[in-house]
1. Quick one: helix 256-266 against the long Cα principal axis of the chain, what's the angle to the nearest 10°, folded into 0 to 90?
2. What is the magnitude of the charge dipole of segment 315-374 about its Cα centre, with +1 placed on the Cβ of each Lys and Arg, -1 on the Cβ of each Asp and Glu, and no other charges, expressed in debye to the nearest 20?
3. If each residue of separation counts as 0.36 nm, what is the full-extension length gain between Ala235 and Thr166 once their alpha-carbon separation is subtracted?
4. Once you list every other residue whose beta carbon is under 14 Å from the beta carbon of Val391, what net charge do they have if Lys and Arg are +1 and Asp and Glu are -1?
5. Could you work out the percent of alpha carbon pairs in segment 160-314 separated by over 25 Å, rounded to a whole number?
6. Starting from the 7 Å offset along Cα-to-Cβ, what nm value, one decimal, do you get for the label separation of Leu192 and Ser13?
7. Considering only Leu129, Gly147, Tyr162, whose Cα is most displaced toward the positive end of the charge dipole of segment 129-194, charges sitting on Cβ of Lys, Arg (+1) and Asp, Glu (-1)?
8. Compute the distance from the alpha-carbon center of segment 353-419 to that of segment 156-188, in whole Å.
Amino acid sequence: MIHVFVGPTLSRSDPELAVPGVRVRPPARHGDLFDAAVRAGDTVVIVDGVYHQAPALRHKEILAALGRGVMVIGAASIGALRAAELAQFGMLGIGSVYAAYARGEIEGDDEVAVGQVPDGEFGALTWPLVNLRYVLELAASAGVLDGPQAAALLAAWRAVFYPQRTTAAVRAVCRRQGVPEVERWLAEQRALDGHFGDLKRADALAAVRHARGLALGDSADRAPTPPAPAVWESAYFRRWSNAFACTVVDGLELSTEDRLLYQQVFDPAYGQRWAAFLEHRSLHPCDGTVGVALAVRLVRASGADLDADRIFHPPVDLRDEQAVALLLAGETAMDRQAVARYADALRAERRTRPGFTVAAVRDDLVRRLLMRLWHCPEQGLDAQASARGLVCWARAVEAVKRLVPGLLEEMAAMAAGTEADHGGR
């Protein structure tokens with residue numbers, strides 16, 4: 001499968017994309033390469049990506065995809081920039097824009113940035129600098145202007161903030177710089193060819209064709225040896241990986257992290273699940289060292305004076321299927337339905353209360369809710385949180401804040417039901 005992240009450099013309806021084996025996706029953003037649909041042996045073509053209105057695709061996400069056997073190609077826009085930055089690790093760059101980045105002739109994302117329509121169609125409203133550079137080269141070759149005039153015009157266009165560099169602004173700058181003949185010439189060329197001067201589009205098409213050629217076995221130009229995990233594994237990467245881990249269960253697409261947190265909070269026997277996970281991790285350490293029984297490790301660390309959950313806090317990697325199975329061993333279908341309801345409640349809160357963040361939920365409210373759920377006094381919160389893999393009550397409070405909208409909604413519904421029952425008697 002070829003996954004093409006594009007818009008607005010290419011239209012999603014472009015004939016080059018409407019072929020079997022090509023999956024057209026919106027501009028790439030943080031988390032997209034964690035999608036389980038992107039598998040080893042697939043090819044990803046990154047053309048466009050968001051970075052102003054949403055978190056951008058991180059370099060380590062690309063490195064991780066390369067590491068698990070995904071071919072990653074970059075071209076035309078942010079893809080070309082990322083390819084120039086990651087070429088030594090195996091990302092393949094295609095086209096003139098990539099070559100200019102790789103040679104150091106251009107730098108920075110402002111060269112390829114464009115303003116986009118806000119309706120989800122990802123259409124371009126402005127000119128990127130790389131296209132204007134190309135237009136000036138064509139104009140100079142056609143004898144429309146000379147070198148000093150081209151340099152002055154490029155500097156003037158660069159001074160216009162990229163979301164304001166519309167066709168009208170491009171023409172206005174031509175008049176202000178005293179080269180109206182460039183304005184007229186460009187209008188004539190665009191009338192003959194609506195894609196005239198669109199270097200980014202030409203590069204994007206070349207990248208898609210190259211990916212299709214690789215899929216058909218027409219080229220031996222494959223990525224070098226994938227980077228070792230040491231290049232991209234980090235605490236940040238594991239956090240992102242966990243945050244984007246999703247599974248479809250019982251017809252519900254659920255965050256694995258949300259499923260785990262729900263069990264940690266609501267399963268009264270979760271201490272047993274966490275103890276089983278600690279034993280598993282002790283026998284199978286993430287760092288590749290020799291595993292030992294948890295009891296042996298505990299004696300070495302503390303003489304067995306403390307419970308294992310108070311000493312060992314191994315990171316949870318939700319890509320580890322065996323670990324996830326242990327952690328979710330007590331989960332029921334009703335639990336998964338509750339996770340879906342809680343996620344819906346959080347989305348509704350964010351939608352109906354602009355600016356809402358889970359960080360704004362009061363600590364004292366969460367602390368009282370946990371005391372009620374865990375049937376313990378305040379001084380017992382630390383022990384409960386530790387036994388459930390949440391380390392301490394302060395970390396538990398921060399983690400549980402995302403559940404509060406759903407929990408309060410559920411408690412209100414239960415209270416309303418109780419009142420109705422009493423009223424009918």
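1. 20
2. Roughly 460 debye for segment 315-374.
3. That works out to 20.7 nm of additional length.
4. Here the charged neighbours net out to -1.
5. Result for the distance tail: 67 percent.
6. 2.7
7. Tyr162
8. Comparing the Cα centres of segment 353-419 and segment 156-188, I get a distance of 57 Å.
Each reported figure results from applying straightforward, stated rules to the coordinates on display, with no laboratory input. Remember, it's a predicted structure, so these values are computed and weren't measured experimentally. A quick note on method: Cβ atoms are made from the backbone with ideal geometry, for glycine too, and the neighbour counts reach across all protein chains shown.
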